[in-house]
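A.B. asks: Here's a structure for you.
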Amino acid sequence: MPSVTTPVRKRTLSEVIKRLLLLDLFKGLAVTFKYNARALYEKREGGNPNQAIYTEQYPRERPRVSERFRGAPRLNLDPETGGTLCIACDLCALACPVDCIEVGSIRREVREGDKVNKKKVLTTFIFDTSRCMFCNLCSEACPTDCLELTQGFELAVYHRSGFRWDREMLEKGINYVRYSK
Amino acid sequence: MMEIATTLLAAPKWIIDLVGKDNVFWADYVVVPVIKIVIVLFVVLTVVAYLVYVERKVSAFIQARLGPMRVGPWGLLQPLADGLKLILKEDIVPLKADKAVFLLAPIISVAAALVVLAVVPWGAAWATISSVNIGLLFILAVSSVGVLGLVLAGWSSNSKYSLLGALRSSAQMVSYEVALGLSIIGALMFARTLSMTGIVEAQQADGMWYVLFQPTGFLVYLISALGETNRAPFDLPEAESELVAGYHTEYSGFRWALFMMAEYAAIIITSSVAVTLFLGGWTGLGWLSNLISGWSWTHSIISPENLQVILSIFAFVAKLFAVIYVYMWIRWTWPRYRYDQLMELGWKWMIPAGLANIVLTGIWYVLALPKTSGGLFGLMQNQGGRLVASGWGKIYFIATGFAGTVPIIWGILALINRRSRDFNLHEQRQLQVRLRRERLQKGAEPQPAGD
């Protein structure tokens, strides 16, 4: 049987004094007291890691969502005309790995000034959020910066049909029930 | 002391008018105490409920959380909601439990904790239910009955967790009861009375809180009181990670709430004894009452005597909450002791420290007696039948307490106990290894195959 010798390290004098005066215990007390005092006088801003209290009271106050967070989809509108930016090019639907986008369009004669052009016009846009994995590939593919994944994260609905977002929902956003208190 | 007792018991004039001149005995011994009991019980039980809230808030702040926030503003109605829930919950008795004992145990526990409130001096003069001349002895005797409730609860539940919790709590409480009893004797040497009111008045007469004369006694008292009330870091009887909930595992609903009430009432009682014995009780706001009664317009609202009493209650409650906060602060900072460490702290540190404190305090006291009584330094005077330390005597007692007793006891105990942990674990393991090696060398055991 191999003999096991565990080396017993001699404690230095400062370690002995530290043990004798229970310095480690008092250090712990100082830390907790500091947190308790800061929690009482600091102005609170939920989810701020530099504060004594980290808690954010979610339904009562909006949580801090990261800027690069990818959540609810949105179809942006042209800020000047108010019409959609979408040119119905179908690139987003092609880019989507899970096929959750359906773009419906018709070819129509559109009057632009004096000329009349035949043009593809968007009719329907269906975005199935239950299948979406929020990879942002559709948004990357969009040539007109129309489709975008926003920071909205409240996607829960009462029925499965609610996951199919149509063009109106995508342009205006969905109506959340806002609970006060 | 007799004068105080009689003035304390005397009923105020309006109650005597109410009861009638012939029934003064009833007014003194029944009507007034009953009124006081009702007030104290109501206030203390409310405070107990809110201590749970304060504990949750303190723990939350220490852990970077907010704590209860949803019931009422800042969650202030949380105790009400908790109480309502606990009353409405089903009172489950396990099938194979000893039913009578199971139902009785929480009642014993909470009664032992609440009876003690009778002798706690909440303030000067009338602000105590009864001033018994053995108040401290009464508190120690009755509050140690509380452990019976825990033991009965653990035994009657017919559950291994409950039984283990009860075993631990009985062993722990018996150990720490000894240290608790020893730690108060030093302060009693100065007070020379067991009456709770008398102890406060003795500190008033000495002009000094006994925590300054008795730092060792105060430390030992605080630590033993933590052990006595089963609070962290000594909460082994209900250690969640090991015993689910300890002795009250099988309890639900209001019987469980009774155990909680007993625990928090015990905290109030041990803290109030610490405040009375070491922190000057209800003294400390005399300057404020002098200031306020100096304004003559206040006399129409409140008489100077009653003002003094009410301010003394405030002083007592402020000190009480300071001690309770220290308990909570410690609970949410330090981790739980292992069982052998708990016993080591109790038997190898607290009890010897309590004993040595008695001996050393006795030595300092005898040395400081007046020269006519055989003392060496003559730092005390006889004032109205009491020995009171003079100005230099106070400095002498504070110096001997902090620079004499504390380092001597701490040094000696550290020297004696310096290898005890090594002995317990490391050395014993090494001993077995050495013995086995010797047996192998003699060929008494067959060699292991792969070696």
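A.B. asks: Which of B:L311, B:I267, B:G346 sits farthest toward the positive end of the charge dipole of chain B, with +1 on the Cβ of Lys and Arg and -1 on the Cβ of Asp and Glu?
C.D. replies: B:G346
A.B. asks: Enumerate the lysines that B:K394 could reach by cross-link, defined here as Cα to Cα under 21 Å, with residues fewer than 8 away along the same chain left out.
C.D. replies: Result set, ordered by chain and number: B:K371.
A.B. asks: In nanometres, what is the gap between the two model label sites at B:D91 and A:V65, each 7 Å from Cα along Cα-to-Cβ?
C.D. replies: Going from the B:D91 label point to the A:V65 one covers 5.1 nm.
A.B. asks: By how many degrees, 0 to 90 and rounded to 10, does the Cα axis of helix B:304-331 deviate from the longest principal axis of chain B?
C.D. replies: Computed tilt is about 10 degrees.
A.B. asks: Between A:K18 and A:Y41, what FRET efficiency follows from the Cβ-Cβ distance if R0 is 35 Å, with the result rounded to 0.05?
C.D. replies: 0.65
A.B. asks: Over all distinct alpha-carbon pairs, what is the Kirkwood Rh of chain B in angstrom? Write down the numbers at each step before the final one.
C.D. replies: Values: mean 1/r = 0.0402 Å⁻¹.
One over the average 1/r among Cα pairs gives 24.9 Å for chain B.
A.B. asks: A further question follows. Given +1 on the Cβ of Lys and Arg, -1 on the Cβ of Asp and Glu, and no further charges, what dipole in debye does chain B carry about its Cα centre, rounded to the nearest 20?
C.D. replies: Values: 33 positive and 27 negative charges, 208 e Å.
Using Cβ point charges on Lys, Arg, Asp and Glu, chain B gives about 1000 debye.
A.B. asks: Mind giving me the nanometre distance, one decimal, between the label points for B:L103 and B:D22, set 7 Å out from Cα along Cα→Cβ?
C.D. replies: Going by the 7 Å Cα→Cβ label model, 4.4 nm.
A.B. asks: Enter the angle in degrees (range 0 to 90, nearest 10) between the Cα long axis of helix B:32-62 and the first principal axis of the Cα atoms of chain B, meaning the one along which they spread out most.
C.D. replies: Helix B:32-62 and the main axis of chain B meet at about 50 degrees.
A.B. asks: Could you order peptides B:391-402, B:220-231 by the average number of other Cβ atoms within 10 Å of their residues, highest first? Before the final figure, lay out each step's value.
C.D. replies: Values: B:391-402: 16.6, B:220-231: 23.9.
Answer by packing, highest mean first, reads B:220-231, B:391-402.
A.B. asks: While we're here: If each residue's Cβ is checked for other Cβ atoms within 10 Å, how do B:V147, B:V309, B:V31 rank with the fewest at the top? Present the calculation step by step, with values, prior to reporting the outcome.
C.D. replies: Values: B:V147 22, B:V309 19, B:V31 16.
Ranked by crowding around the Cβ, least crowded first: B:V31, B:V309, B:V147.
A.B. asks: If neighbour count is taken as other Cβ atoms inside 10 Å, put B:E438, A:E56 in order from fewest to most. Please list the in-between numbers first.
C.D. replies: Values: B:E438 10, A:E56 16.
Ascending number of Cβ neighbours within 10 Å: B:E438, A:E56.
A.B. asks: Please build a GNM for chain A, connecting alpha carbons under 10 Å apart, and tell me which residue among A:R167, A:R131, A:R111 fluctuates the most.
C.D. replies: Top of the fluctuation ranking is A:R111.
A.B. asks: Starting from the Cα of A:K43, draw a straight line to each of the aspartates and glutamates and keep only those under 17 Å, dropping any in the same chain fewer than 8 residues away.
C.D. replies: Partners within reach: A:E56, A:E61.
A.B. asks: Could the peptides A:113-120, B:286-293, B:133-140 be put in order, highest first, of the mean number of other beta-carbon atoms found within 10 Å of their residues?
C.D. replies: Numbers: A:113-120: 9.5, B:286-293: 14.4, B:133-140: 19.5.
Going by the mean number of other Cβ atoms within 10 Å, highest first, we get B:133-140, B:286-293, A:113-120.
A.B. asks: Starting from the Cα of A:K10, draw a straight line to each of the lysines and keep only those under 21 Å, dropping any in the same chain fewer than 8 residues away.
C.D. replies: A:K18
A.B. asks: Other chains' Cβ within 10 Å of A:51-58 residues: what's the mean?
C.D. replies: Values: counts 1, 4, 7, 4, 7, 1, 3, 0.
Per-residue shielding by partner chains comes out at 3.
A.B. asks: Counting only other chains, and only Cβ atoms inside 10 Å, what mean value do you get across the residues of A:29-37? Before the final figure, lay out each step's value.
C.D. replies: Values: counts 5, 1, 2, 11, 4, 1, 5, 12, 1.
That works out to 5 on average.
A.B. asks: What's the tally of Lys pairs in segment B:1-88 whose alpha-carbon atoms lie under 28 angstrom apart, where the two lysines are 8 or more places apart or on different chains?
C.D. replies: Number of lysine pairs found: 4.
A.B. asks: Roughly speaking, what is the stretch gain from A:K120 to A:K34, that is 0.36 nm per residue apart minus the C-alpha to C-alpha distance, in nm to one decimal? List each step's numbers first, then the result.
C.D. replies: On the way: separation 86, 0.36 × 86 = 30.96 nm, distance 6.52 nm.
Fully extending the segment from A:K120 to A:K34 adds 24.4 nm.
A.B. asks: Averaged across the residues of B:59-67, what count of C-beta atoms belonging to other chains lies within 10 Å of each residue's C-beta? Could the numbers behind the result be given before it?
C.D. replies: Working: counts 2, 4, 9, 8, 7, 9, 5, 8, 3.
Mean shielding count: 6.
A.B. asks: Shifting gears a bit: Going 7 Å from the Cα of B:L288 in the Cα-to-Cβ direction, what parts of segment B:307-344 have a backbone nitrogen less than 12 Å from that spot?
C.D. replies: Hits in segment B:307-344 for B:L288 at 12 Å: B:308-319.
A.B. asks: Also: As a footprinting exposure proxy, order B:M261, B:M196 by other Cβ within 10 Å, with the fewest listed first. Each step should come with its number before you reach the end.
C.D. replies: Numbers: B:M261 22, B:M196 27.
Sorted ascending by nearby Cβ count, the order is B:M261, B:M196.
A.B. asks: Still on this structure, please answer the following. Round to the nearest 0.05 the FRET efficiency obtained for B:I416 and A:Y158 when R0 = 56 Å and r is the Cβ-Cβ distance. Show your work: numbers first, answer last.
C.D. replies: Numbers: r = 71 Å, r/R0 = 1.27.
The calculated FRET efficiency here is 0.20.
All of the numbers you see were taken from the coordinates with simple rules; none came from a lab. Just so you know, these numbers come straight off a predicted model, no measurement behind them. Here Cβ is always computed from backbone atoms with ideal geometry, including for glycine, and neighbour counts include all displayed protein chains.
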